[in-house]
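**Student:** Next up is a structure, given as structure tokens.
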Amino acid sequence: MSTRIGECTMIERLASPFREFGWAAGLLYTIDRILRRVSPELALYVYEIMVQPIQDQPLLPDRLTAQLEIREIRPGDPEIELMPARPDIKELRFAQNAICLGAFQKGKFIGYIWFCFRIYDEDEVRCTFLLTPRDEAVFDFDLYIFPEYRMGLGFMGIWNGASKFLRSRGIKYTFSRLTRFNEASRRAHAHLGWKLVGRAFFLRAWRVEVMGSTIFPYVHISFGLSQRVLMKLSPNVLSGS
């Protein structure tokens, strides 16, 4: 009896990714899990590259954001230590002139989001995104809400404040890359009017990194940290909607 229960549990675990993500994405997820079990130097990253317009109107009424403050977090601020990203990753972000906006509810730090202007060096894979139009687009990444605040208005509250911050600087579009397996993030961004720009996967095997994408240059092989693929992103998909 226990053997049969164990077999059913194993089948459930194997089938779970396919039910959640569909057959294609479920297969890619399973491949990634297997690779990471074999070695920490093996991984498969599957991304969707998105763009969304910066809305002219607030995303939330003022009465809902009265106790939420959005302000820039700078190098050396104590909030930097509370962010779960590795210290070297945070240093690299500031080194490429990224801006971090923090959200504070009644003075408590509840979350943050990062932006890069004009160009963004991805810190998970060897890819650099070139943003167009040059002075009207940013790349947003690592939007994080601390677990105890995820049931509230944290996500929309951060985006409401960030949109105001970006509008004041003449920004009309923001690009982002979503991990294909993060369904919660995909659902949340759907409320912001995003559109799909393209898809990409990166297969990492020790020093070698292979990319395949629907965005030019479509295929790229890197043999070291200095060999980064350059992807030029355009918001034209929004005008076609």
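The values are calculated or read from the model by the stated rules, or taken from the named source; none is laboratory data. Here the structure is a predicted model, which is why all the values come from computation and not from measurement. Keep in mind that these areas ignore ligands, DNA and RNA; they rest on the heavy atoms of the full protein, side chains included. Shrake-Rupley method; radii C 1.70, N 1.55, O 1.52, S 1.80 Å.
**Student:** Extension gain Asp77-Ala95, at 0.36 nm per residue separation less the Cα-Cα distance, in nm?
**Tutor:** Length gained between Asp77 and Ala95: 4.9 nm.
**Student:** Carbon-plus-sulfur fraction of the accessible area of region 27-80, 1.4 Å probe, in percent?
**Tutor:** Carbon-and-sulfur percentage of accessible area, whole number: 52.
**Student:** Roughly how much of Asp62 is accessible, in Å² to the nearest 10, using a 1.4 Å probe?
**Tutor:** 120
**Student:** Using a probe of 1.4 angstrom, how much of the accessible area of region 97-165 is carbon and sulfur, in percent?
**Tutor:** So the carbon and sulfur contribution to the accessible surface is 53 percent.
**Student:** Mind grabbing the base-10 log of I(q)/I(0) for region 37-195 at q = 0.08, 0.12, 0.18, 0.21 Å⁻¹? Debye formula, identical points on the C-alpha positions, no solvent, two decimal places.
**Tutor:** Reported log10 I(q)/I(0), two decimals: -0.23, -0.53, -1.25, -1.68.
**Student:** Let me ask something else. If Arg134, Arg33 are ordered by their accessible area, calculated over protein heavy atoms with a 1.4 Å probe, which sequence runs from highest to lowest?
**Tutor:** Ranked list, largest accessible area first: Arg134, Arg33.
**Student:** Per-residue accessible area for Lys108 at 1.4 Å probe radius, Å² rounded to 10?
**Tutor:** 120
**Student:** Can you give me the orientation-averaged projected area of the convex hull built on the Cα atoms of region 46-120, in nm²?
**Tutor:** That works out to 6.8 nm², a quarter of the Cα hull's surface.
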